[in-house]
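Peer 1: For reference, the structure I am asking about is given below.
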Amino acid sequence: MKAFSVRPAQHTYAVMELPDPGLPGPTQVRFRVLEVGICGTDREICGFHYGFPPEGAEELVIGHECLGQVDAVGEQVEHLNPGDLVVPVVRLPCSDAGCLPCVEEEQDFCNTGNFLERGIKGAHGFMTEYFIDEASRLHPVPPHLRKVAVLTEPLSIAEKALLQIQEVQERLPWPPPKELNAVVLGAGPIGLLGCMAFQLRGYQTTVYSLEPEDHPKAELVRDLGATYVCARNHDLEALDRMVQPMDVVYEAAGAPRLAFQLLKYLDHNGVFVFTGVPGEKPASELDMAHIMRNMVLKNQVVLGTVNAGRKAYANALEDLERIEERWPGILDRLFTAHIPLSEAEHYLVGESRGIKNVVDFTQVLS
Ligand SMILES: [Zn+2]
Ligand SMILES: [Zn+2]
């Protein structure tokens, strides 16, 4: 079977031939990969800035945003059957018996840092024809979500952020006000899916990004009932005047300077959530005294979050359904290309284009 792999040490990538995976073990499931979404992390790996092959291997099969269809199940597997749609999780627990999060299968909170991530760190990913995984790590997908379920993994980032915000705000001794404002930094797939999740939960959401006001992404934001503000026409002060009070910031741009500057405008009891992973950048000046003063005097919380636990995946699947109901067809507008594996390279390297590009394994493999 074919797979897209990267050899970080040699700085090469290729569609390669892998042996067929064989039959699943008693607690395992074999699934046929239907779709794999391409994201910034895959592009970084293909640019050799990140990505680690499994121990002893030279190559890493990439791909972590996956939708599959069950093809064979082990004899002890009860909740899945051939034909079922599934979304696998990315992160695998570390092997340290003392790591409570991993022991409890909440490896997104791994304490040791020795977790593995499919397609990213120490474990092969899903950009291949067939895959065998533990049944416990597969989320069943209702058949009517077939067209959009490849978005489960990127949406799970916002879902985990929302769970974290909820937990953090339980510190407040009163119920949250009805109208809360959220600013989403960045209008990539993580930002746009984040905007949908915040809108679903009743936040008044403003997306702040570089695309002009007449860009299809800006239109999509407005169609969600949210506000789009172009960062080229409005500075952060202007944004602050438009969003009063700024209760939550969901950072999905990976632009550290902008993010920390925006931190200055976070309001009383606000929460600032980082999800972007910026590359190494030279140190830059920041108004640290102002930020620190605000954080103390305004009881602010700044937190980072990496995807995602069981609950966040389950919420993502539920929300895909709610998004489809509330804004029919809007998720389709995130998809800018469905391509066969043979064309994946054009979307993995070079200039980034579109919003969510998907490798479609039901198209002819060549
Ligand atoms: Zn991704
Ligand atoms: Zn761990």
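Rule-based calculations on the coordinates, nothing more; no lab input. These numbers were taken from a predicted model, which means no experiment stands behind them. Positions of Cβ are backbone-derived with ideal geometry, glycine not excepted, and every protein chain shown enters the neighbour counts.
Peer 1: Given bins 10 angstrom wide, list per bin the percent of all Cα-Cα distances in the range 81-169, short to long.
Peer 2: Histogramming the range 81-169 at 10 Å steps yields 14, 41, 35, 9, 0 percent.
Peer 1: For helix 310-326, report the angle its Cα long axis makes with the longest principal axis of the Cα atoms of the chain; keep it between 0 and 90° and round to the nearest 10°.
Peer 2: For helix 310-326, the angle is close to 70 degrees.
Peer 1: Can you put Phe126, Phe52 in order, fewest other beta carbons within 10 Å first? Working shown, then result.
Peer 2: Values: Phe126 31, Phe52 15.
Lowest count first: Phe52, Phe126.
Peer 1: About its Cα centre, what dipole magnitude does the chain give when the only charges are +1 on Lys and Arg Cβ and -1 on Asp and Glu Cβ, stated in debye to the nearest 20?
Peer 2: Details: 31 positive and 51 negative charges, 148 e Å.
Its charge dipole is roughly 720 debye.
Peer 1: Next question, about the same structure. Could you state the orientation-averaged shadow area of the convex hull built on the Cα atoms of the range 35-124, in nm² to one decimal?
Peer 2: Numbers: hull surface 29.3 nm².
Dividing the Cα hull surface by four gives the mean projection, 7.3 nm².
Peer 1: In debye to the nearest 20, how big a dipole does the range 155-304 give about its Cα centre with +1 on each Lys and Arg Cβ and -1 on each Asp and Glu Cβ? Walk me through the intermediate numbers first.
Peer 2: Details: 13 positive and 18 negative charges, 55 e Å.
Here the range 155-304 has a charge dipole of around 260 debye.
Peer 1: Defining a contact as two alpha carbons under 8 Å apart and six or more residues distant in sequence, what relative contact order in percent does the range 155-304 show?
Peer 2: On the way: 242 pairs, mean separation 31.3, N = 150.
Over the range 155-304, the number comes to 21 percent.
Peer 1: Taking the Cα atoms of the range 261-366, what is the range of coordinates along each of the three principal axes, in descending order and whole Å?
Peer 2: 59, 39, 25
Peer 1: Mind checking the angle between helix 189-200 and the chain's longest principal axis? C-alpha axes, 0 to 90 degrees, to the nearest 10.
Peer 2: The answer is roughly 60 degrees.
Peer 1: To continue, here is another question. Could you sort the peptides 11-20, 178-187 by per-residue average Cβ neighbour count (10 Å cutoff), highest mean leading?
Peer 2: On the way: 11-20: 12.4, 178-187: 22.2.
The densest-packed peptide leads the list: 178-187, 11-20.
Peer 1: Place a +1 charge on the Cβ of each Lys and Arg in the range 10-169 and a -1 charge on the Cβ of each Asp and Glu, then give the dipole magnitude about the Cα centre in debye, rounded to the nearest 20. Show your work: numbers first, answer last.
Peer 2: Details: 10 positive and 25 negative charges, 78 e Å.
Using Cβ point charges on Lys, Arg, Asp and Glu, the range 10-169 gives about 380 debye.
Peer 1: Please report the projected area of the range 155-304's Cα convex hull averaged over all directions, in nm². Intermediate values should be presented prior to the final figure.
Peer 2: Values: hull surface 34.9 nm².
Average of the hull's projected areas for the range 155-304 equals 8.7 nm².
Peer 1: How much of the DSSP bridge set in the chain is antiparallel, in percent, rounded to the nearest 5?
Peer 2: Numbers: 34 of 63 bridges.
Of those bridges, close to 55 percent are antiparallel.
Peer 1: In addition: With the contact rule set at Cα under 8 Å and sequence spacing of 6 or more, what percent relative contact order holds for the chain?
Peer 2: Values: 750 pairs, mean separation 61.7, N = 366.
Dividing the mean separation by the residue count of the chain yields 17 percent.
Peer 1: Quickly rank 230-237, 117-124 as a protection proxy: mean count of other C-beta atoms within 10 Å, highest first.
Peer 2: Values: 230-237: 13.2, 117-124: 21.4.
Per-residue mean Cβ counts within 10 Å order the peptides as 117-124, 230-237.
Peer 1: Also: Counting only pairs 8 or more residues apart or on different chains, how many lysine pairs in the chain have their Cα atoms under 19 Å apart?
Peer 2: Working: Lys147/Lys356; Lys160/Lys311; Lys217/Lys356; Lys264/Lys298.
Within the chain, the lysine pair count is 4.
Peer 1: Continuing with this model, one more query. Can you give me the orientation-averaged projected area of the convex hull built on the Cα atoms of the chain, in nm²? Kindly include the intermediate steps, with their values, before the conclusion.
Peer 2: Details: hull surface 77.4 nm².
Computed as one quarter of the Cα hull surface, the answer is 19.4 nm².
Peer 1: If we sort 268-275, 199-206 on the protection proxy, mean other Cβ atoms within 10 Å, highest first, what's the order? Before the final figure, lay out the partial values.
Peer 2: On the way: 268-275: 20.9, 199-206: 18.8.
So the peptides 268-275, 199-206, ranked by packing, come out 268-275, 199-206.
Peer 1: Another question about this same structure. Among Ala197, His290, Leu172, whose Cα lies farthest out toward the positive end of the dipole of the range 155-304, if unit charges sit on the beta carbon of Lys, Arg (+1) and Asp, Glu (-1)?
Peer 2: The Cα lying farthest towards the positive end belongs to Leu172.
Peer 1: Given C-alpha coordinates of the range 120-179, what is the ratio Rg to Rh with the Kirkwood estimate of Rh?
Peer 2: Numbers: Rg = 17.2 Å, Rh = 15.3 Å.
On the Cα set of the range 120-179, Rg over Rh gives 1.13.
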